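The values are calculated or read from the model by the stated rules, or taken from the named source; none is laboratory data. As the structure is a prediction and not an experimental result, all values here were calculated from the model. Neighbour counts run over all protein chains shown; Cβ positions are idealised from the backbone, glycine included.
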Amino acid sequence: MQLTRMFLRCGALAGPAFIGVVAVQDYTRAGFDPRTHMLSLLALGDWGWIQVANFVGAGILNVLYAVGLWRSLRPSRAGTAAAILIAAYGLGLMTVGVFTTDPAGGFPPGTVQPGGPSSHGIVHALGALFAFVFLAAAIASLGAYFLAKHVRGWGAYCIASAVVIMLLFFGGISNADWMARLIRLATLIGWLAPSLCATKLLSWRGAVPETSQARVATLA
């Protein structure tokens, strides 16, 4: 039980830690403007290793979180799906950390935006796409799990969050003027939702079973 709770705590930490590290960089990196620059650009330049580590670290924490969900929410179909999707989301975060984006919008200062995307920039973009899709699907699966347990408030919150994340993400990539703001908001909503769910699971009596095979019996 303690091991499962430790894995769930990784999920509770992942979102706030990622957002906190980004927030500090937003206002300390020379030449970076969070209103117009995508947060992935923070992985470039002399201090880019901080954001690379942030992506990879958040990915690792979410993979560990997925283990906690797997151990605590089975045999629920929605809970099992959430665990698998959170793991895929974590792997997506690690991918976008390792394969950095291309310079854009004059950042990092002194760099020239390439005429076309690089191979690592393409992998980064695809990794980001899949990360957001897997994340939204995972949150929706958690919502279905909560609804099945008659916890309607949390179920509605998760389903609404998943829908909003997708609207903001695809709205952002189709609107260059608002892309950074919309995707930043999608990140804020999306990264925090699984962490809040982890906190809720940790607070429920019986939510973490004594054995990895036990089913969640009661939710209060």
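Residues that are farther than 30 Å from G11 by Cβ and either part of a helix (DSSP H, G or I) or modelled with pLDDT of 95 or more (or both) within region 104-135 comprise just one, S119. Is region 38-52 home to any residue that is among the acidic types (D, E), within 23 Å of Q113 (Cβ to Cβ) and part of a helix (DSSP H, G or I)? The answer is no, given that none of the residues of region 38-52 is among the acidic types (D, E), within 23 Å of Q113 (Cβ to Cβ) and part of a helix (DSSP H, G or I).
Condition check ((1) under 30 Å from Y145 (Cα atoms); (2) touching a helix residue (DSSP H, G or I) at 6+ places or on another chain (Cβ under 6 Å)) across all residues:
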position: P75; (1), (2): yes, no
position: A87; (1), (2): yes, yes
position: V96; (1), (2): yes, yes
position: G105; (1), (2): no, no
position: T111; (1), (2): no, no
position: G115; (1), (2): no, no
position: V123; (1), (2): no, no
position: A131; (1), (2): yes, yes
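The residues of region 150-160 that are surrounded by 15 or more Cβ atoms within 10 Å (Cβ to Cβ) and either out of contact with any Gly (no Cβ under 7 Å at 6 or more places or on another chain) or modelled with pLDDT under 95 (or both), listed by number, are V151, W154, Y157, A160.
Checking each residue in region 165-178 for being surrounded by fewer than 17 Cβ atoms within 10 Å (Cβ to Cβ) and of a type outside the set (S, T, N, Q) picks out L167, F170, G171, I173, A176, D177, W178. On the given criteria, is A144 free of Cβ contacts under 8 Å to residues at least 60 places away in the same chain, under 19 Å from S76 (Cβ atoms) and out of contact with any His (no Cβ under 8 Å at 6 or more places or on another chain)? Against the criterion (free of Cβ contacts under 8 Å to residues at least 60 places away in the same chain, under 19 Å from S76 (Cβ atoms) and out of contact with any His (no Cβ under 8 Å at 6 or more places or on another chain)), A144 does not qualify.
If you check T100, T80 for being farther than 19 Å from L13 by Cα and either touching a strand residue (DSSP E or B) at 6+ places or on another chain (Cβ under 6 Å) or in a helix (DSSP H, G or I) (or both), only one passes: T80.
Of the residues making up region 30-57, those that are among the acidic types (D, E) and surrounded by 17 or more Cβ atoms within 10 Å (Cβ to Cβ) number 0.
Summed over region 2-29, residues that are more than 20 Å from I189 (Cα to Cα), in contact with a Lys or Arg (Cβ under 9 Å, 6 or more places away or on another chain) and surrounded by 13 or more Cβ atoms within 10 Å (Cβ to Cβ) total 2.
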